[in-house]
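The values are calculated or read from the model by the stated rules, or taken from the named source; none is laboratory data. Remember, it's a predicted structure, so these values are computed and weren't measured experimentally. Please note: Cβ atoms are built from the backbone with ideal geometry, for glycine as well, and neighbour counts cover all protein chains shown. Remember, those area values only see protein heavy atoms, side chains included, never the ligands or the DNA or RNA. Shrake-Rupley method; radii C 1.70, N 1.55, O 1.52, S 1.80 Å.
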Amino acid sequence: MSLRTSLSMALLLAVGLTGCSNQSSDSAKGSASTETTVLRFSHFWPATSSISTEVFEPWAKQIEEESNGRLKIEMYPSAGLSKADVTYESAVKGTIDIGSQAHGYTSGRFPLTQVAELPGLSNSATQMGCILQTLYEDGTIASEYQDSHVLFMYGAGPGSLHTTNKLIRTPEDMKGMRIRRPSAVAGDIIESAGASPVGLPANDMYTSLQRGVVDGLSFPWEAVTAFKIDEITKYHTHIPFYSSALMVAMNKDKYESLPDDLKQILDKHSGMALANKVGEVFDKHDLMAIEAAKAKGDEIIEIPDPLNDPDWKGPLEKGTKKYLDDLKAQGLDADGVYAKAKAASAACKG
(Lines give C-alpha, C1' and ligand atoms only; values in the text may rest on other atoms or scores of the structure.)
Protein backbone atom coordinates (compact mmCIF):
# COMPACT_ATOMS: atom_id res chain seq x y z
CA MET A 1 0.00 0.00 0.00
CA SER A 2 1.41 3.41 -0.99
CA LEU A 3 1.98 6.18 1.50
CA ARG A 4 -0.61 8.32 -0.31
CA THR A 5 -3.24 5.56 -0.04
CA SER A 6 -2.52 5.09 3.66
CA LEU A 7 -2.87 8.78 4.35
CA SER A 8 -6.15 8.91 2.43
CA MET A 9 -7.61 6.01 4.42
CA ALA A 10 -6.52 7.58 7.68
CA LEU A 11 -8.18 10.86 6.74
CA LEU A 12 -11.43 9.11 5.81
CA LEU A 13 -11.40 7.21 9.11
CA ALA A 14 -10.83 10.43 11.06
CA VAL A 15 -13.69 12.18 9.28
CA GLY A 16 -15.96 9.22 9.94
CA LEU A 17 -15.14 9.18 13.62
CA THR A 18 -15.69 12.93 13.85
CA GLY A 19 -19.06 12.54 12.19
CA CYS A 20 -20.03 9.82 14.66
CA SER A 21 -18.86 11.99 17.51
CA ASN A 22 -20.97 14.93 16.33
CA GLN A 23 -24.00 12.68 15.89
CA SER A 24 -23.56 11.36 19.42
CA SER A 25 -23.23 14.90 20.72
CA ASP A 26 -26.33 16.03 18.87
CA SER A 27 -28.20 13.00 20.14
CA ALA A 28 -27.13 13.73 23.69
CA LYS A 29 -28.39 17.31 23.37
CA GLY A 30 -31.67 16.06 22.02
CA SER A 31 -32.16 13.63 24.88
CA ALA A 32 -31.17 16.31 27.40
CA SER A 33 -34.21 18.33 26.34
CA THR A 34 -36.48 15.57 27.62
CA GLU A 35 -34.71 15.11 30.95
CA THR A 36 -36.44 16.10 34.18
CA THR A 37 -35.11 19.07 36.12
CA VAL A 38 -36.00 18.77 39.82
CA LEU A 39 -36.47 22.02 41.74
CA ARG A 40 -36.39 21.77 45.54
CA PHE A 41 -38.90 24.17 47.10
CA SER A 42 -38.58 24.88 50.83
CA HIS A 43 -41.14 26.88 52.82
CA PHE A 44 -42.08 27.25 56.47
CA TRP A 45 -45.83 26.60 56.13
CA PRO A 46 -47.17 23.27 57.47
CA ALA A 47 -47.96 20.64 54.83
CA THR A 48 -51.63 20.83 55.84
CA SER A 49 -51.87 24.64 55.59
CA SER A 50 -54.14 26.24 53.02
CA ILE A 51 -51.28 27.83 51.09
CA SER A 52 -49.49 24.50 50.81
CA THR A 53 -52.53 22.47 49.73
CA GLU A 54 -54.41 25.12 47.71
CA VAL A 55 -51.59 27.16 46.16
CA PHE A 56 -48.10 25.62 46.23
CA GLU A 57 -49.03 22.01 45.44
CA PRO A 58 -51.46 22.81 42.57
CA TRP A 59 -48.92 25.33 41.24
CA ALA A 60 -46.18 22.69 41.18
CA LYS A 61 -48.49 20.16 39.56
CA GLN A 62 -49.51 22.59 36.83
CA ILE A 63 -45.89 23.42 36.02
CA GLU A 64 -45.02 19.73 35.84
CA GLU A 65 -47.95 18.99 33.53
CA GLU A 66 -47.30 21.92 31.19
CA SER A 67 -43.63 21.00 30.93
CA ASN A 68 -44.54 17.37 30.12
CA GLY A 69 -42.63 16.27 33.19
CA ARG A 70 -39.46 18.17 32.32
CA LEU A 71 -39.89 20.35 35.43
CA LYS A 72 -40.69 18.74 38.76
CA ILE A 73 -41.00 20.75 41.97
CA GLU A 74 -40.31 18.83 45.17
CA MET A 75 -41.98 20.34 48.23
CA TYR A 76 -40.30 20.67 51.63
CA PRO A 77 -42.87 22.23 53.99
CA SER A 78 -42.39 23.16 57.67
CA ALA A 79 -38.91 24.55 56.94
CA GLY A 80 -37.83 21.00 56.13
CA LEU A 81 -34.89 21.91 53.92
CA SER A 82 -33.95 25.38 55.20
CA LYS A 83 -34.67 27.24 58.42
CA ALA A 84 -37.49 29.75 58.20
CA ASP A 85 -35.23 32.77 58.71
CA VAL A 86 -32.58 31.82 56.12
CA THR A 87 -34.76 30.43 53.33
CA TYR A 88 -34.23 33.40 51.00
CA GLU A 89 -30.47 33.28 51.46
CA SER A 90 -30.55 29.51 50.92
CA ALA A 91 -32.21 30.09 47.56
CA VAL A 92 -29.63 32.75 46.69
CA LYS A 93 -26.76 30.40 47.53
CA GLY A 94 -28.32 27.42 45.76
CA THR A 95 -28.74 25.26 48.85
CA ILE A 96 -32.35 25.09 47.70
CA ASP A 97 -33.77 26.01 44.30
CA ILE A 98 -36.94 27.83 45.36
CA GLY A 99 -37.88 29.25 48.74
CA SER A 100 -40.75 31.09 50.38
CA GLN A 101 -40.06 33.31 53.36
CA ALA A 102 -41.67 36.11 55.31
CA HIS A 103 -39.62 39.26 54.87
CA GLY A 104 -39.84 40.01 58.57
CA TYR A 105 -37.78 36.94 59.47
CA THR A 106 -34.61 38.74 58.38
CA SER A 107 -34.76 42.13 60.04
CA GLY A 108 -33.17 44.85 57.94
CA ARG A 109 -32.70 42.69 54.83
CA PHE A 110 -35.75 44.06 52.95
CA PRO A 111 -36.34 47.47 54.55
CA LEU A 112 -38.08 49.11 51.59
CA THR A 113 -40.35 46.13 50.91
CA GLN A 114 -41.50 46.18 54.52
CA VAL A 115 -42.82 49.73 54.15
CA ALA A 116 -45.85 47.96 52.66
CA GLU A 117 -46.45 46.31 56.05
CA LEU A 118 -47.24 49.63 57.75
CA PRO A 119 -50.75 50.09 59.17
CA GLY A 120 -53.46 51.59 57.02
CA LEU A 121 -52.15 50.28 53.70
CA SER A 122 -53.84 46.89 53.48
CA ASN A 123 -57.08 45.38 54.73
CA SER A 124 -56.84 41.98 53.06
CA ALA A 125 -54.32 39.43 51.83
CA THR A 126 -55.41 40.09 48.25
CA GLN A 127 -54.74 43.80 48.60
CA MET A 128 -51.40 43.21 50.31
CA GLY A 129 -50.17 40.81 47.63
CA CYS A 130 -51.21 43.24 44.92
CA ILE A 131 -49.34 46.11 46.64
CA LEU A 132 -46.14 44.07 46.95
CA GLN A 133 -46.23 42.72 43.40
CA THR A 134 -46.96 46.21 42.05
CA LEU A 135 -44.02 47.74 43.92
CA TYR A 136 -41.76 44.96 42.67
CA GLU A 137 -42.87 45.16 39.05
CA ASP A 138 -42.60 48.96 38.85
CA GLY A 139 -39.06 48.81 40.24
CA THR A 140 -39.72 50.52 43.58
CA ILE A 141 -38.35 47.62 45.64
CA ALA A 142 -36.70 45.48 42.94
CA SER A 143 -33.17 46.44 44.03
CA GLU A 144 -33.59 44.33 47.17
CA TYR A 145 -33.83 41.13 45.07
CA GLN A 146 -30.98 41.48 42.56
CA ASP A 147 -29.36 38.31 43.90
CA SER A 148 -32.37 36.10 43.14
CA HIS A 149 -35.09 35.50 40.57
CA VAL A 150 -38.40 36.47 42.18
CA LEU A 151 -41.31 34.31 41.07
CA PHE A 152 -44.01 36.17 42.96
CA MET A 153 -44.71 38.28 46.02
CA TYR A 154 -47.64 37.61 48.29
CA GLY A 155 -49.16 39.01 51.44
CA ALA A 156 -51.01 37.68 54.44
CA GLY A 157 -54.20 39.16 55.80
CA PRO A 158 -53.99 41.86 58.48
CA GLY A 159 -52.29 40.69 61.65
CA SER A 160 -54.46 40.72 64.75
CA LEU A 161 -53.52 40.15 68.40
CA HIS A 162 -54.15 36.72 69.93
CA THR A 163 -53.53 36.07 73.63
CA THR A 164 -53.82 33.25 76.11
CA ASN A 165 -55.03 34.85 79.35
CA LYS A 166 -56.08 38.43 78.72
CA LEU A 167 -58.16 40.38 76.19
CA ILE A 168 -56.41 43.46 74.82
CA ARG A 169 -58.91 46.29 74.44
CA THR A 170 -56.55 49.26 74.39
CA PRO A 171 -52.77 49.73 74.16
CA GLU A 172 -52.78 50.23 77.92
CA ASP A 173 -53.69 46.56 78.31
CA MET A 174 -50.49 45.55 76.50
CA LYS A 175 -48.11 47.09 79.02
CA GLY A 176 -45.83 44.48 80.53
CA MET A 177 -46.93 41.77 78.08
CA ARG A 178 -44.56 39.78 75.87
CA ILE A 179 -45.93 39.69 72.36
CA ARG A 180 -44.37 37.82 69.46
CA ARG A 181 -43.52 40.17 66.62
CA PRO A 182 -43.34 38.90 63.03
CA SER A 183 -41.32 41.84 61.73
CA ALA A 184 -39.61 45.11 62.59
CA VAL A 185 -42.72 47.04 61.55
CA ALA A 186 -45.00 45.13 63.92
CA GLY A 187 -42.29 45.24 66.59
CA ASP A 188 -42.13 49.04 66.52
CA ILE A 189 -45.90 49.25 66.95
CA ILE A 190 -45.99 46.65 69.74
CA GLU A 191 -43.22 48.50 71.55
CA SER A 192 -45.00 51.83 71.05
CA ALA A 193 -48.03 50.31 72.79
CA GLY A 194 -45.92 49.41 75.83
CA ALA A 195 -45.43 45.67 75.30
CA SER A 196 -42.16 43.80 74.83
CA PRO A 197 -41.79 42.49 71.25
CA VAL A 198 -40.27 39.01 71.00
CA GLY A 199 -38.84 37.73 67.72
CA LEU A 200 -39.80 34.12 67.00
CA PRO A 201 -40.37 32.15 63.78
CA ALA A 202 -43.94 30.99 63.25
CA ASN A 203 -42.92 27.35 63.71
CA ASP A 204 -41.81 28.08 67.30
CA MET A 205 -44.98 29.87 68.36
CA TYR A 206 -47.00 26.92 69.65
CA THR A 207 -44.45 25.75 72.21
CA SER A 208 -43.55 29.33 73.16
CA LEU A 209 -47.18 30.03 74.07
CA GLN A 210 -47.49 26.72 75.88
CA ARG A 211 -44.43 27.43 78.02
CA GLY A 212 -45.34 31.04 78.71
CA VAL A 213 -42.33 32.41 76.85
CA VAL A 214 -44.77 34.88 75.29
CA ASP A 215 -48.26 35.99 76.37
CA GLY A 216 -49.59 36.38 72.87
CA LEU A 217 -48.74 37.08 69.30
CA SER A 218 -49.54 39.19 66.28
CA PHE A 219 -50.71 36.86 63.55
CA PRO A 220 -53.14 36.81 60.61
CA TRP A 221 -56.21 34.70 61.28
CA GLU A 222 -55.45 32.04 58.68
CA ALA A 223 -52.08 31.38 60.30
CA VAL A 224 -53.75 30.96 63.71
CA THR A 225 -55.37 27.76 62.46
CA ALA A 226 -52.50 26.73 60.16
CA PHE A 227 -50.07 26.65 63.09
CA LYS A 228 -52.74 25.40 65.54
CA ILE A 229 -52.48 28.54 67.68
CA ASP A 230 -56.26 28.36 68.07
CA GLU A 231 -55.73 25.44 70.46
CA ILE A 232 -53.99 27.74 72.96
CA THR A 233 -55.34 31.27 72.52
CA LYS A 234 -58.75 32.33 73.82
CA TYR A 235 -58.73 36.10 73.35
CA HIS A 236 -58.48 38.00 70.08
CA THR A 237 -58.17 41.68 69.26
CA HIS A 238 -59.23 41.88 65.63
CA ILE A 239 -57.23 44.93 64.60
CA PRO A 240 -55.44 45.47 61.25
CA PHE A 241 -52.31 47.11 62.61
CA TYR A 242 -49.84 45.51 60.18
CA SER A 243 -49.73 43.04 57.27
CA SER A 244 -46.96 40.54 56.59
CA ALA A 245 -45.02 40.61 53.33
CA LEU A 246 -43.81 37.30 51.86
CA MET A 247 -42.17 36.09 48.67
CA VAL A 248 -41.32 33.07 46.55
CA ALA A 249 -37.83 33.41 45.06
CA MET A 250 -35.66 31.13 42.94
CA ASN A 251 -31.92 30.70 42.63
CA LYS A 252 -30.90 33.01 39.78
CA ASP A 253 -28.33 30.68 38.21
CA LYS A 254 -30.78 27.77 38.31
CA TYR A 255 -33.42 29.82 36.51
CA GLU A 256 -30.95 31.06 33.90
CA SER A 257 -29.74 27.50 33.24
CA LEU A 258 -33.19 26.38 32.09
CA PRO A 259 -34.14 26.21 28.41
CA ASP A 260 -36.20 29.17 27.23
CA ASP A 261 -39.41 27.17 26.94
CA LEU A 262 -39.17 26.05 30.57
CA LYS A 263 -38.44 29.61 31.68
CA GLN A 264 -41.59 30.67 29.86
CA ILE A 265 -43.65 28.11 31.76
CA LEU A 266 -42.33 29.41 35.10
CA ASP A 267 -42.89 33.00 33.99
CA LYS A 268 -46.44 32.20 32.95
CA HIS A 269 -47.20 30.90 36.43
CA SER A 270 -45.58 33.76 38.34
CA GLY A 271 -46.25 37.41 39.10
CA MET A 272 -49.56 39.07 39.86
CA ALA A 273 -51.74 36.05 39.05
CA LEU A 274 -50.10 34.05 41.83
CA ALA A 275 -50.12 37.00 44.24
CA ASN A 276 -53.88 37.26 43.70
CA LYS A 277 -54.37 33.50 44.03
CA VAL A 278 -52.66 33.43 47.44
CA GLY A 279 -54.71 36.44 48.52
CA GLU A 280 -57.98 34.77 47.63
CA VAL A 281 -57.04 31.63 49.57
CA PHE A 282 -55.83 33.55 52.63
CA ASP A 283 -58.87 35.85 52.71
CA LYS A 284 -61.21 32.86 52.57
CA HIS A 285 -59.42 31.10 55.41
CA ASP A 286 -59.16 34.27 57.50
CA LEU A 287 -62.97 34.43 57.57
CA MET A 288 -63.21 30.71 58.33
CA ALA A 289 -60.79 31.08 61.26
CA ILE A 290 -62.76 33.99 62.73
CA GLU A 291 -65.99 32.01 62.54
CA ALA A 292 -64.28 29.00 64.14
CA ALA A 293 -63.05 31.15 67.04
CA LYS A 294 -66.55 32.49 67.58
CA ALA A 295 -68.01 28.98 67.50
CA LYS A 296 -65.41 27.87 70.06
CA GLY A 297 -66.58 30.61 72.42
CA ASP A 298 -63.42 32.73 72.25
CA GLU A 299 -63.71 36.39 73.18
CA ILE A 300 -63.17 38.75 70.24
CA ILE A 301 -63.07 42.55 70.12
CA GLU A 302 -63.25 44.40 66.79
CA ILE A 303 -61.18 47.53 66.05
CA PRO A 304 -61.64 47.88 62.28
CA ASP A 305 -60.11 51.35 61.80
CA PRO A 306 -57.30 51.76 64.36
CA LEU A 307 -55.76 54.83 62.68
CA ASN A 308 -58.95 56.71 63.53
CA ASP A 309 -59.45 55.09 66.92
CA PRO A 310 -58.61 57.47 69.80
CA ASP A 311 -56.84 54.76 71.80
CA TRP A 312 -54.86 53.10 69.00
CA LYS A 313 -54.07 56.01 66.67
CA GLY A 314 -51.15 57.31 68.75
CA PRO A 315 -49.12 54.07 69.04
CA LEU A 316 -49.71 53.18 65.38
CA GLU A 317 -48.59 56.58 64.13
CA LYS A 318 -45.61 56.52 66.50
CA GLY A 319 -44.56 53.08 65.28
CA THR A 320 -44.95 54.13 61.64
CA LYS A 321 -42.85 57.26 62.16
CA LYS A 322 -40.13 55.31 63.93
CA TYR A 323 -39.84 52.79 61.10
CA LEU A 324 -39.71 55.44 58.38
CA ASP A 325 -37.24 57.57 60.37
CA ASP A 326 -34.95 54.55 60.80
CA LEU A 327 -34.91 54.05 57.03
CA LYS A 328 -34.19 57.70 56.36
CA ALA A 329 -31.29 57.54 58.81
CA GLN A 330 -29.84 54.82 56.57
CA GLY A 331 -30.11 57.11 53.57
CA LEU A 332 -33.08 55.27 52.08
CA ASP A 333 -35.98 57.00 50.32
CA ALA A 334 -38.55 56.01 52.93
CA ASP A 335 -41.00 58.82 52.15
CA GLY A 336 -40.87 58.14 48.40
CA VAL A 337 -41.51 54.42 48.84
CA TYR A 338 -44.26 55.11 51.39
CA ALA A 339 -45.97 57.43 48.90
CA LYS A 340 -45.78 54.75 46.17
CA ALA A 341 -47.09 52.14 48.61
CA LYS A 342 -50.07 54.38 49.36
CA ALA A 343 -50.74 54.79 45.63
CA ALA A 344 -50.50 51.01 45.11
CA SER A 345 -52.83 50.50 48.07
CA ALA A 346 -55.46 52.68 46.47
CA ALA A 347 -55.06 50.98 43.09
CA CYS A 348 -55.21 47.49 44.64
CA LYS A 349 -58.30 48.18 46.73
CA GLY A 350 -60.85 46.12 44.89
* Equivalent ellipsoid semi-axes for the stretch 165-267, as square roots of 5 times the alpha carbon gyration tensor eigenvalues: give them largest first, rounded to whole Å. => 36, 15, 12
* **At 1.306 mPa s and 10 °C, Stokes diffusion of the stretch 98-188 via Kirkwood alpha-carbon radius, µm² per second** => 108
* **Within-13-Å neighbourhood charge of G279 [Cβ basis; K, R +1; D, E -1]** => -2
* To do: Give me D for the stretch 60-128 in µm² s⁻¹, whole number, from Stokes-Einstein with Rh from the Kirkwood sum over alpha-carbon pairs, 4 °C and 1.567 mPa s.
  => 90
* To do: Take each of the peptides 144-157, 181-194, 245-258, 62-75, average the number of other beta-carbon atoms within 10 Å over its residues, and list them starting from the highest.
  => 181-194, 144-157, 245-258, 62-75
* Of every Cα-Cα pair in the stretch 192-232, the percent that sits beyond 14 Å -> 43
* Asked: What translational D, rounded to a whole number of µm²/s, comes out for the stretch 45-87 from Stokes-Einstein when the hydrodynamic radius is the Kirkwood one over Cα pairs, at 20 °C and 1.002 mPa s?
  -> 192
* With the full set of protein chains in place, find how many percent of the accessible area of the chain is carbon and sulfur; take the probe as 1.4 Å. => 51
* Asked: Hey, what's the chain come to in accessible area per residue, 1.4 Å probe, Å²?
  -> 44
* Most to least packed among 104-115, 202-213 [average Cβ atoms within 10 Å] -> 104-115, 202-213
* Using only the Cα atoms of the chain, what do you get for the radius of gyration and for Dmax, in Å? -> 25.4, 108
* Send over the per residue convex hull volume for the stretch 243-327, Cα only, as a whole number of Å³. => 165
* Do me a favour and compute the ellipsoid semi-axes for the stretch 288-330 from its Cα gyration tensor, root of five times each eigenvalue, largest one first, whole Å. => 33, 14, 7
* Rg/Rg_globular for the stretch 207-350, with Rg_globular taken as 2.2 N^0.38 Å and Rg from C-alpha atoms -> 1.35
* Work from the charge dipole of the chain (Cβ charges, +1 for Lys and Arg, -1 for Asp and Glu, about the Cα centre) and give the residue of H269, G104, H236 farthest towards its positive end. => G104
* At 222 nm, what helix-only mean residue ellipticity would the chain give, in deg cm²/dmol to the nearest 500, using -39500 (n - 2.57) for each DSSP H run of four or more? -> -13500 deg cm²/dmol
